């Protein structure tokens, strides 16, 4: 009897809950109002037909008024030669960092062309990132697996991405070599598979290290276990990329046809040869982050590849200040590492980026009106790609009109491998530039000397 009474009671309770109108739900009246706002008149139907049949909202949104309005000429431009290609990899930060040094090598040795081995530095970057991950796991082994920092580490033990300090750290420790000394492999040009396998191995090794800490193993035993893990990582990298040279011999043919004498280097000696004092030159990452206070220094915890290296640290500045310093560097023939949100308003065929390249609002009849701060905070925008900043065009008052990147997507991308972007696009989607400290004014230099504000490893700028 009790059972028979229970079923109707549960059914009534369910129906009562289902019929209760929650304040945030879309009721029939609201839905009717929303439906009635969409009127399929002739022009709307034409737009609907175009969108549903074209398969590309982006192409339909190309703003005809902007086509042909931006040229690729620049009053001030760094003397660069040759375009690189990172293929299917996330090594833009490495290519860009090397591209700031490459023009000096070409000039120094009177070469027609030159490139560094990105494969060599990729090997050591992934090896050092693996070590840094294991060290982070040991340091946080006393925390629960769902601790936010632990989760962040295990989510992506290593990847092929990075920023300028990543190259600085690995080059300072391991040096550089010419491209022909350790050429690219199929794996280095397409890094997803090896990255996935490295992460699989590292997650397992990290879990074992946590268990050793939980078992109160000695520091010596834990270190020995980490070294065994790194032996496996080294093997995986050596089989996929080749083993990096300890020393090498190099000679070259200059632009006049002269063949040099062969000379033997270590990778660190070669770095000193082609970029004297590279590790001691005072370079500063300046960034436009409207979500935080300007003229302050910020440092992202543990954002580095080499355990003893430097973290991602930047001085936050208004765009107008960044532009002044960048122009001074370009005028002095010094290229800069830079990064931006390259996917926004980018006409890839023309090699042009402008805030009005694509007019989605007119096509769709809705407004997209977030400013840069809102885009960053909502994750709508963020730095996605690094390129070398090499050119600026100015008006009669020496105010910037447009800028130029040297990209690393090969010669077929953009304007022969280069990208032109308007000054308005700079304001909206440029994020950071690495520049010699000598180009900063006194206010910026003074600000850079202050103690950095520490940001967590899961920060949205990470």
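The values are calculated or read from the model by the stated rules, or taken from the named source; none is laboratory data. Note that the structure is a prediction, hence the values are computed from the model and not measured. Note that we place each Cβ from the backbone using ideal geometry, even for glycine, and neighbour counts take in every protein chain shown.
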Note to self: So, in region 421-458, exactly how many residues are in contact (Cβ under 8 Å) with a residue 40 or more places away in the chain, loosely packed, with under 15 Cβ neighbours inside 10 Å and under 15 Å from residue 296 (Cβ atoms)?
What the structure shows: 5
Check: If you go through region 344-361, how many residues are over 16 Å from residue 417 (Cα atoms), in contact (Cβ under 8 Å) with a residue 12 or more places away in the chain and surrounded by fewer than 21 Cβ atoms within 10 Å (Cβ to Cβ)?
Finding: 5
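Being under 25 Å from residue 159 (Cβ atoms), modelled with pLDDT of 95 or more, surrounded by fewer than 17 Cβ atoms within 10 Å (Cβ to Cβ) and touching a helix residue (DSSP H, G or I) at 6+ places or on another chain (Cβ under 8 Å) is the requirement here; does residue 234 meet it?
When the stated conditions are applied, residue 234 passes them.
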Check: Just one of the numbered conditions (1) closer than 30 Å to residue 270 by Cβ; (2) at pLDDT below 95 is not true of residue 30; which one?
Finding: (1)
Check: Which of the residues that make up region 281-307 are exposed (fewer than 15 other Cβ atoms within 10 Å of the Cβ), touching a helix residue (DSSP H, G or I) at 6+ places or on another chain (Cβ under 8 Å) and either over 21 Å from residue 168 (Cβ atoms) or modelled with pLDDT of 95 or more (or both)?
Finding: 291
Next item on the list: Please note which strands (runs of 3 or more DSSP E) are completely contained in region 246-314 and include at least 2 residues that are not assigned by TED's automatic domain parsing to the domain that holds residue 174.
Entry: 283-287, 296-300
Next item on the list: Enumerate the helices (runs of 4 or more DSSP H) found wholly within region 349-462, keeping only those where 3 or more residues are assigned by TED's automatic domain parsing to the domain that holds residue 328, under 20 Å from residue 74 (Cβ atoms) and at pLDDT 95 or above.
Entry: 423-429
Item checked: Matching residues in region 393-420 - criterion: being surrounded by 22 or more Cβ atoms within 10 Å (Cβ to Cβ) and either farther than 17 Å from residue 344 by Cα or touching a helix residue (DSSP H, G or I) at 6+ places or on another chain (Cβ under 8 Å) (or both) -> 402, 403, 406, 408
